[in-house]
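Below is one structure, written out as structure tokens; comments come after it.
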Amino acid sequence: MVFAADRWWLVALASAATLATLWLLVGALRSSGGPTVRRLHDRRERRDGVRANPGEALALVGDALAATHNPRALLPVILEVVIEATGARGGRVCEGGQDVTWMGDVDPKHPTIELGLASDGERETPLSLYGSETGFSDETRQTAEWLAAQAAIALENAKLHHLVQRQATTDDLTGLVNRRRFIEALDSEIVRASTFQSPLSVVLGDLDHFKLVNDRFGHQTGDEVLRRFAGLVREHLRDVDVPGRIGGEEFAILLPGTDATGAVAVAERIRRSLRSLRPTPDGSRPVTASFGVAQLVTGETGDELLRRADVALYRAKSEGRNRVTVEGQQAASESDSASSSL
């Protein structure tokens, strides 16, 4: 988890790189708004009879950058800026052969400029500009190519930011959220539950005798157990639920709008589904897990809720493992065959 936390400086670096690139793009457009861009806008003005406002397109870049570093969300802004700067009749951006965004007149009969925004080796991201019947001048083509090159850098930086941000909040091994992100989600859901007076529950799960898995079969087998357990957890959750890996073999599940009874049902489904999980080389030993459940009470903090769920988990372990226990109540379910667990 410390490794994931150390990546946050990379998020800041990627954000700064994206901001710097797009700021240079905007600045260059403003400075070039003298001879070249003004003439292009004057021509577009005369053609459409409506005054084009390049400032609006430039403002969109800043707004989009402030709102998101998602590369997909930046593509429409980049397209509008390029159209605005070149006086094109319209344009479109594709990715992997599929249209992502388009604007204006995209009649393929019109002369076009084909520009490459990005390529990851498998998927190309071309930008096509459509001009009038007279086509584009050499100067306009050079402007378009330069803008596309700057936009490509901005997109690459945005992708880097998106990737690093995901890595900083995601557990590498299981793909679940890490402890930091889980706590953030928990705090947000507590505010929501308090505002709307809706239930909120947390489930803590811990694989039984997991150290023996690593000792007997090696860490590769242990990692496979963790990955497959995470997959089973996801299969039994809704989109609004938040599963996370918060320790070595300890997992947490955030269940908005769910009371303790519903949370017990979720944990029990996961526990029973583990019967099919036999990742050891001989396939003879099943994996089991113990679960602790706690429901939010009025005025409780996230730390207090997690502490109560942890108390319930400890009880499940001390009472024989492979069971679901609710904080303050007796075990909700008992082991099917505790002696067969790892």
Where does the charge balance sit around D241 when Lys and Arg score +1, Asp and Glu -1, over other residues with C-beta under 12 Å from its C-beta?
-1
With every protein chain kept in the model, how would you rank T86, T143, T195 by accessible area, 1.4 Å probe, largest at the top?
T195, T143, T86
Calculate the dipole size of the range 145-304 relative to its Cα centre from +1 charges on Lys and Arg beta carbons and -1 charges on Asp and Glu beta carbons; express the result in debye to the nearest 20.
520 debye
Dipole axis of the range 74-193 (+1 Lys, Arg; -1 Asp, Glu on Cβ), positive-most option in Q150, F182, L160
F182
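Sum up the charges of everything whose Cβ sits under 14 Å from the Cβ of L296, counting Lys and Arg as +1 and Asp and Glu as -1, but leave L296 out. Mind dumping the intermediate values first?
Details: positive: R192, R307, R308; negative: D187, E189, D259, E300, D303, E304, E327.
Result for the local shell: -4.
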Rounded to whole Å², per residue accessible area for the range 206-254 with a 1.4 Å probe reads 48 Å²
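State the extension gain, in nm to one decimal, for the chain segment bounded by E139 and T301, taking 0.36 nm per residue of separation less the distance between their alpha-carbons.
On the way: separation 162, 0.36 × 162 = 58.32 nm, distance 6.21 nm.
Length gained between E139 and T301: 52.1 nm.
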Using Cα positions and a limit of under 25 Å, work out the lysines in reach of K317, with same-chain residues fewer than 8 apart set aside.
K211
Here the Kirkwood hydrodynamic radius of the range 171-293, Cα-based and in Å, equals 14.9 Å
Could you give the nm distance between label points at H219 and K109, where each point is 7 Å from its Cα heading toward the beta carbon?
6.6 nm
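The values are calculated or read from the model by the stated rules, or taken from the named source; none is laboratory data. Fair warning: this is a prediction, and the values are worked out from it, not measured in the lab. Cβ sites come from the backbone with ideal geometry, for glycine too, and all protein chains shown count toward neighbours. Surface areas here come from the heavy atoms of the whole protein model, side chains and all, with no ligands, DNA or RNA. Shrake-Rupley method; radii C 1.70, N 1.55, O 1.52, S 1.80 Å.
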